[in-house]
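Okay, structure first, notes after.
Here, each number is a calculation from the coordinates, and none is a lab measurement. Please read all numbers here as calculations on a predicted model, not as lab measurements. Cβ placement follows ideal geometry from the backbone for every residue including glycine, while neighbour counts extend to all protein chains displayed.
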2 protein chains.
Amino acid sequence: MESAGPRKDVGNRMIYADANGSLPLLPEVVNYLSTRIPSSLYGNPNAIHSLGSKIKSGMERSRRIASEILGSNSNQLIWTSGASEGISTVLQNILLPKNESRRIIVSSPIEHAAVMASLNYYVKVWGYELQLIPTSTDGIIDFNWLENFSKENAKQIALVTCMGVNNETGVLQPWEKIRDLTNQLGLTYFCDTTQIIGRVPFHFKESGLKWAMASGHKLGALPGSGFLLVQDPTKFTPFIWGGGQENGHRGGTQNYVGSETLAIALQTLPEKLKKIPDHLEWRKKMEAQYPKEAIVIGQKLDRLPGTSLVGIPGLHGQGIQIELESQDIFVTTSAACSDNEPATSKVLRAMQIDDVLGRSVVRVSLPLSSNENEYMTIAKAMTAAHAKLNKIKAY
Amino acid sequence: MESAGPRKDVGNRMIYADANGSLPLLPEVVNYLSTRIPSSLYGNPNAIHSLGSKIKSGMERSRRIASEILGSNSNQLIWTSGASEGISTVLQNILLPKNESRRIIVSSPIEHAAVMASLNYYVKVWGYELQLIPTSTDGIIDFNWLENFSKENAKQIALVTCMGVNNETGVLQPWEKIRDLTNQLGLTYFCDTTQIIGRVPFHFKESGLKWAMASGHKLGALPGSGFLLVQDPTKFTPFIWGGGQENGHRGGTQNYVGSETLAIALQTLPEKLKKIPDHLEWRKKMEAQYPKEAIVIGQKLDRLPGTSLVGIPGLHGQGIQIELESQDIFVTTSAACSDNEPATSKVLRAMQIDDVLGRSVVRVSLPLSSNENEYMTIAKAMTAAHAKLNKIKAY
């Protein structure tokens, strides 16, 4: 009988630099699962038998651990299948049923596809109008434009959305200023926090956000796990309906194993976040050693510690990616989800990056568990790739 | 540091009779995960690097294996987080945006909460009218009533929904007749297949259903996994939006580990389904040995092989459940999701089962991996529980 899973293992010495796409299971999670999987503790966490109670107790303990680390109350944390579900859930809460007097959605043009594809649906099927915020070639949205537009159109705006951090460039967006502006104008602000949580310090209550979401697979927990934080669960409409699970907020037997791994993964965060200053320094050194032709997008702006979106105009990003991979360094050409497009990514096009640079970029996104040596190895490999590809180009 | 998971293991000799609620991981799945978990094959299956390709290749192989066993094409199978997501997805596809001339939803009153809670939302928020199909105390819907009602109101009906098998009684519903009737009248039929798949033979193409769905945790795969089968994916609107995953049909990085375990679990099905005649015989013997006061709901009807919903009027179901558990037999009082209600379940109330019987029921639902001895052990334990509880009651 054919085996269901992947066929081969990969080498041990690899440098995994696709953290913004997905993170391999943390060693702590692998360790946990090595005893968890054969434990026989499986069943319906909502059943009354003692097996169900034990499973539920583990799931609720995971909820307490996770919400403490995330700065939320336990009852504000809803287990989901990941950030995309969380995003679709919140957008439907905001946009349906439609309030006919508020037809405008204001969004950054550099949102993740989970937001943008959803907004396109609301435009196409529900007749909303989409207004995009101008964004600099450095990758930051124009807050002044947003402020003026919002003030002028406050009564027609159904939603303002702008991610906390862009997944391709790693550039931090002014979400706190947008939160204050929208609060002041009585507008609804949705902030996609997928690339904030686990990457930079985040405290839900202090954030003042109405919702926040994350994916387990970006935190080193099992894929298919995730959570949604809701400021006021009493004003929340479920998206997936079911038998009263998650306080009636999200139907379906919970992915309790996934939730347990999320708690394990989140427990490792506080220590890792302390190393952010080191990462910023290591990245600076790495970027200083890139070939002189290299352009780092958003270099002058505050960016996620391990992220470096770098292009060498004239080369092909995929060529660089393959060269790095031949040295066991795993990067992507931009957002992993749209990797199959050889053209400039939608995000970079929205930033008016030209194709010569746009097609040449690779995204280095190192996890917080990385060390200086890995940054330096990438810098060297980038130089070698440049030299080699440039030579080929010259023929 | 506090551990995230459940605290204790359970005994080895237990009889797990809550298969309709959830199934423990199959031994084949535990075995698979014991090498899969430490394999380092984690990352974004949609990334272009070779790690992504390897993960994707395993996921697509799982899709081929699963769809072959389920009788669908690979491109008809969409990975989800479970059946509840599948149900909410399909109902939204059918009911939004609303067609004002078709306001009536016809549903059985014995649907799972994932359907019923969702329908209540469409009634409350979107103004649909809900018409429930009368259902016998045996637990089968009145097909003649449905036929008449549908013919009389064909132009006003937006949806007819009736599950394939009821999760509490195990009673098979006449879904094939409903499919033919609705086809003939040009109506949309939604059949919740959650308790069909993995329990009785099912072939998607031969079923003629437009959609089918299942949960991994009911098949012995990892919780948080699942799939939705769609007859015509070109007429499908995503529910969770994202970066083009699942052919653009379901956003979010896939739960590829969950999908791999689903393929493993489904591979064990064909052999298990061959044993259905044995299970029917063993159940017959078990039910014959129940105390003479016991009433098996739907006993004369076609039921899922391992399911026996049994009540002893005057006793409390929870008392019986606890007695059985003291002998390491795990049953529930009715549907696991609503277990916390000590009253007659909604499904039994819809069947006009009185409270004296309704409060006394326990649901035995044995998986297809069970043997004759387990059925007989349950029968004996039921007799012992009856004797003991009856004695207490007499004081």
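Values for this structure:
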quantity	calculated
10 Å Cβ neighbours from other chains, averaged over peptide A:81-94	5
FRET E, pair A:Asp354, A:Leu280, Förster distance 30 Å, beta-carbon r, rounded to 0.05	0.60
Counted charge near A:Ile320, where neighbours are those whose Cβ lies closer than 11 Å (Asp, Glu -1; Lys, Arg +1)	+1
Mean separation of Cα contacts under 8 Å, 6 or more apart, over the residue count of segment A:145-210: relative contact order %	34
9 Å beta-carbon shell around B:Tyr189, net charge (K/R +1, D/E -1)	+2
Rg in Å to one decimal, and Dmax rounded to a whole Å, for the protein assembly as shown via C-alpha atoms	27.2, 99
Packing-based ranking, highest mean first, of A:374-386, A:269-281, B:192-204 given that Cβ atoms within 10 Å are counted	B:192-204, A:374-386, A:269-281
Among A:Asn20, A:Asn153, A:Asn166: highest mean-square fluctuation, GNM of chain A, C-alpha pairs under 10 Å	A:Asn153
Amide H within-cut-off set for B:Thr161, under 5 Å, with H built and near neighbours excluded	B:Val106, B:Ser107, B:Ser108, B:Phe190
Amide H contacts of A:Ile329 (H built 1.01 Å from N, under 5 Å, at least 5 apart or other chain)	A:Ile15
DSSP bridge pairs, chain B: antiparallel proportion in percent, nearest 5	60
Formal net charge of residues neighbouring B:Leu119 (Cβ-Cβ distance under 15 Å; K, R +1; D, E -1)	+2
Protection proxy ranking of B:136-147, A:231-242 - average other beta-carbon atoms within 10 Å, highest first	A:231-242, B:136-147
Check: the protein assembly as shown dipole with +1 on Lys, Arg Cβ and -1 on Asp, Glu Cβ, in debye	120
Label point 7 Å beyond Cα along the C-beta direction, distances from A:Asp138 to other copies (nm, shortest first)	7.6
Within a Gaussian network of chain A (alpha carbon springs, distance under 10 Å), most fluctuating of A:Gln352, A:Gln76, A:Gln184	A:Gln184
Within chain A, helix-based [θ] at 222 nm, where runs of 4 or more DSSP H residues each add -39,500 (n - 2.57), nearest 500	-12000 deg cm²/dmol
Theoretical FRET efficiency, 1/(1+(r/R0)^6), r = Cβ-Cβ of A:Thr188 and A:Asn247, R0 22 Å, to 0.05	0.45
Karplus-derived HN-Hα couplings along segment A:97-103 (A = 6.51, B = -1.76, C = 1.60, θ = phi - 60°), whole Hz, x at Gly and Pro	x, 6, 8, 4, 7, 10, 9
Counting DSSP beta bridges with both ends in the protein assembly as shown, the antiparallel % (nearest 5)	60
Gap separating the Cα centres of segment B:159-207 and segment B:92-156, nearest whole Å	14
Given charges at Cβ of Lys, Arg, Asp, Glu: chain A dipole, positive-most of A:Gly319, A:Tyr290, A:Gln173	A:Gln173
Whole-number percent relative contact order across chain A, with pairs defined as alpha carbons under 8 Å at least 6 apart	22
Long-range amide H partners of A:Thr80 with built H, under 5 Å	A:Gly226, A:Phe227, A:Leu228
3J(HN,Hα) from dihedral phi, segment B:319-324, Karplus parametrisation 6.51/-1.76/1.60, rounded to Hz, x for glycine, proline	x, 5, 4, 5, 4, 5
q = 0.14 Å⁻¹: log10 I(q)/I(0) that the Debye formula gives for chain A, counting C-alpha atoms only	-1.27
Alpha-carbon gyration tensor eigenvalues x 5, square-rooted, for segment B:38-269, Å	33, 19, 14
Karplus 3J(HN,Hα) series, Hz, for segment B:24-38 with 6.51 cos²θ - 1.76 cosθ + 1.60 (x for Gly, Pro)	x, 3, 5, x, 5, 6, 4, 4, 4, 5, 5, 9, 5, 4, x
Peptide B:19-27, shielding by other chains (average Cβ, 10 Å cutoff)	4
Within 10 Å of each Cβ in B:233-244, the average number of Cβ atoms from other chains	6
